[in-house]
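Derivation of every value follows stated rules applied to the coordinates shown; laboratory data play no part. Note that the coordinates shown come from a computational prediction; the quantities given were computed from them, not determined experimentally. Cβ placement follows ideal geometry from the backbone for every residue including glycine, while neighbour counts extend to all protein chains displayed.
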Amino acid sequence: MEKDVLCNLTNSKRNLIVEGNPSSGKTTNIIFPIVEELISRNENLFILDNKEEYINRFYKKLKENNYNIVIINLRNMEKSEGWNPLWYPYQLYKNGNLNQTIDYLQQLGSILYPYNTNVVDAFTSITLGLFEDAKGEEINLNSIYSITQNGLEFINKSSKRHIEEYFDIKKSTKSNVIPISEHLLSYMGRFIEDIVLDEHLSNILNKTTFELPSVLNKKTAVIFIGKEEVDYFNKISVMFIEQLFKIVSNNNFTNKFNIILSTANIEFTKLSFDGRINTIIDMLTLSHQKSIKFILSTYSKERLYLKYGSYIGKLCDSISILDETLKIITSNSYKIIDKDFDFIFIEDSIIDYPHISKNSIYTFDLKKYVMEHLTCNTLETNLNESSGTYIDVDALIKRIDDHIACLESEENK
């Protein structure tokens, strides 16, 4: 690509669409030179690299330029950093940002459960309960799944389920958790089952092993090796991209951030909530205000417009690869130049992948939480009834413990 054209495209604050048929050279002859230029300018990068083309092409150059490299690898999950999608909203919650927490959980829920606002609300409610009651190491999607399973079990042989008692407890404490139906709880569990029952994937999603957002204060390249052929892997890619955008847009980083995506291989949710960033249009609209630039690779702009709306064209410059020429459209110009492409062979590089160790995954025990509250209530009732008279507290506690053990034994039969 001509140097002046390359500079104009990288200097522009507008997003960029690169359009071309498969094997047309849009990655190797258009986006690769752009990435080279961005690295030479020390700009931050996020690259969705499902085919591992970018990591093999640029890993050595990134190292030579002293980039901090973060690799999330869904194709070889032992060679990956860890990333817990619930950790960021949990930090928002702990810092007292309840409204932001709820907004973000709604956004996350809309990715996991698209087109079903009732289940999104249910996910938000259950996750808020997890933030209120669980230990830090129990904040993960496995805990959400555990609640959907254990919550539907009856307490001993009564007609009351654990989740019903849990909601009664939360109601008495004026919690932000709202009751949901058993049907919605069951639905929630089914739709995240594939994620949490994948042992390697659960290990990656259990704990974030790099510091967000502080890592982005450094010169950083985040390379996300996705697996678009599996639906729930695609959802994880979208969750990461939207969380990264949220973090970058909410912080005043000094360095420009570039997000490089193949829209042929990723589906962003089209479910909209007023005021929440959860669609590609929202992100493209806000990006130029936040020193963020999207570079989108696609087979067809028309296909992109059908998927996300024609307004996307107003937010982006574009390069279309034709048979003999390149058509370049910006906000104020239209240019056709000769196509002078080279064949570029991408060799496998020696890459120092991270290694994630296999850790125990701790989950929130809803049944234990409910039984402990029932025990406390029983103890309080007995003490109130015995007010003014001597009571052997040790004997009472032992009797309650024995009663719980008996109930648990019956439950396990």
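Results, tabulated for the structure shown:
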| item | result |
| --- | --- |
| Net charge dipole size for the chain [Lys, Arg +1 and Asp, Glu -1 on Cβ; Debye, nearest 20] | 1320 debye |
| Furthest towards positive pole of dipole, I17, S333, P213, structure part the chain, Cβ charges | S333 |
| The chain - mean residue ellipticity at 222 nm from DSSP helices (-39,500 (n - 2.57) per run, n ≥ 4, rounded to 500) | -14000 deg cm²/dmol |
| Among 167-178, 80-91, the order from most to least packed when residues are scored by Cβ within 10 Å on average | 80-91, 167-178 |
| Residue pairs, from the table K246/K327; K218/K246; K61/K256; K63/K246; K94/K290; K79/K307, whose Cα atoms sit over 22 Å apart | K246/K327; K63/K246; K94/K290; K79/K307 |
| Summed residue charge, Cβ within 13 Å of L216's Cβ, Lys/Arg positive, Asp/Glu negative | +3 |
| Fraction of alpha-carbon pairs over 21 Å apart in segment 118-215 - percent | 38 percent |
| Positive-end residue, the chain charge dipole about Cα centroid, Cβ charges, pick of L185, I71, T375 | I71 |
| Paired Rg and Dmax values of the chain, which use every Cα atom, in angstrom | 25.8, 97 |
| Among beta bridges that DSSP assigns inside the chain, antiparallel share in %, nearest 5 | 25 percent |
| Segment 146-192: Rg to Rh, with Rh as the Kirkwood radius over Cα pairs | 0.98 |
| Cα lying deepest toward the dipole's positive end in the chain, options S297, T124, H355, charges on Cβ | S297 |
| Rounded to whole Å, sorted largest first: equivalent-ellipsoid semi-axes of segment 157-256, Cα gyration tensor | 35, 21, 12 |
| Helical segments meeting 20 Å axial Cα length and Kyte-Doolittle 1.0 threshold in the chain (DSSP H) | none |
